[in-house]
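A short worksheet on the structure shown next.
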Amino acid sequence: MIFFEISSSIFKDIINHQVNWFTVVHIVGFILLLISVDKIRRGHIRQLSELKKEIDSTERNYTEKSNALTALLNNIPCAFATINADYSIRSVSAELMNFTGIIGKDILGEKCFDVFDVGKKCPNCPVERAFEFGKIQQNVKKLMTSKDKEIYIEQIAIPILDSEGEIEYVFEVVVDATEKMELQRQHDHLLIQTITALVNLIESRDQYTGSHSNHVRDIAVEIGKELGFDPKRLEELSFAAVLHDIGKIGSPEHLLNKPGRLTDEEYEIIKEHPAIGYKALHNVDSLKQVADIILDHHERVDGNGYPAGKKAEEISLSARILNVADVYEAITADRIYRKAMTEEAAINIMNDGRGTQFDAVVVDALIKVISRQN
């Protein structure tokens, strides 16, 4: 209204020749500018309105799809949770709540480790590794439910990306692995019984070999601990040490118990025992690593060992440990044809062979073990 009143007054002045044409040009330009700004403003408002409609529609679609996905997953036998980078739970399936005994609790937004009273993130956490590496991660762990029941769960953590390609959250599937772990324990127990039977079989043919294998195991495991082996590697090393001479089942008994030194031909026959032991064990899935260690336990770091003439890093560290433990035990024990060496003499022999027959690091570890035991 004010604009039109001003315009009317100006036009009257123009008609009465009271305003010069220079002023008129500026006034007309200002009026056109106001009209243009008003059109732009109206256009922007219309664009913003359309953009808001698109955003609202996208949010509705996202919510509908998210709700549909959650409803779908809640109606299949799948225990899952979605977890943020700070370990807070953003969603959880009814199946998981039933499975873990936390049904009825409001756990959204809670840290996953607080829900189960762990107090801190779990060791080897698959959710953490999924965020770190951007790949599917798995883990099996023991868990106490809210009903104080001990169970094993297998976790499968799947990173979910946003529209920018960044990890938005982790979708974690949880599977009851209690029965699987019980079967594994039974399998391990049966395996130990089988190994014990094999050792007894060896000892029945060669009493020296049976006791020797047990002593080698004790030495090898201590060296493994000194070199930082984890429990799984120590177990493999222990099995390999006990069974390292199992291939001698294929050796003639008269050679095993011969009181004198072996001839070259006889020695070649005895040298076959690592390969025979390997062939006997490598088809057993749980003993494949053990079989590899047994095959290489007579290799030397200078490449002059047998059966393949491997050298240095071509030989696994476990096999290099077994080589040192085997020789040290042999020279410090009575044999049919000679008496045991003293500890000092045996250590001198081990030191003389470092870098040629033996791995120097393993020899150092052996000496530390001996010193600690003394």
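The values are calculated or read from the model by the stated rules, or taken from the named source; none is laboratory data. Since the model is a prediction, treat every value here as computed from it, not as a measurement. Glycine also receives a Cβ, built like all others from the backbone with ideal geometry; neighbour counts cover every protein chain displayed.
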**Prompt:** Is it true that some residue in region 197-210 is of a type in the set (D, E, K, R), surrounded by 11 or more Cβ atoms within 10 Å (Cβ to Cβ), within 26 Å of the chain's Cα centre (by Cα) and modelled with pLDDT under 85?
**Reply:** no
Being among the small types (Gly, Ala, Ser), crowded, with 18+ Cβ neighbours inside 10 Å and either in contact (Cβ under 8 Å) with a residue 24 or more places away in the chain or outside the structural domain of Lys232 (by TED's automatic domain parsing) (or both) narrows Ala333, Ala280 down to just Ala280
Exercise for the section: Look at Lys288 and say whether it is under 31 Å from the mean Cα position of the chain (by Cα) and not in a loop (DSSP other than H, G, I, E, B). Expected result: yes
Counting only residues that are at pLDDT below 75, among the hydrophobic types (A, V, I, L, M, F, W, C) and in a loop (DSSP other than H, G, I, E, B), region 108-135 contains a total of 2
Flagged in region 227-262 as acidic (Asp, Glu) and assigned to a helix (DSSP H, G or I), in numbering order, are Glu235, Glu236, Glu253
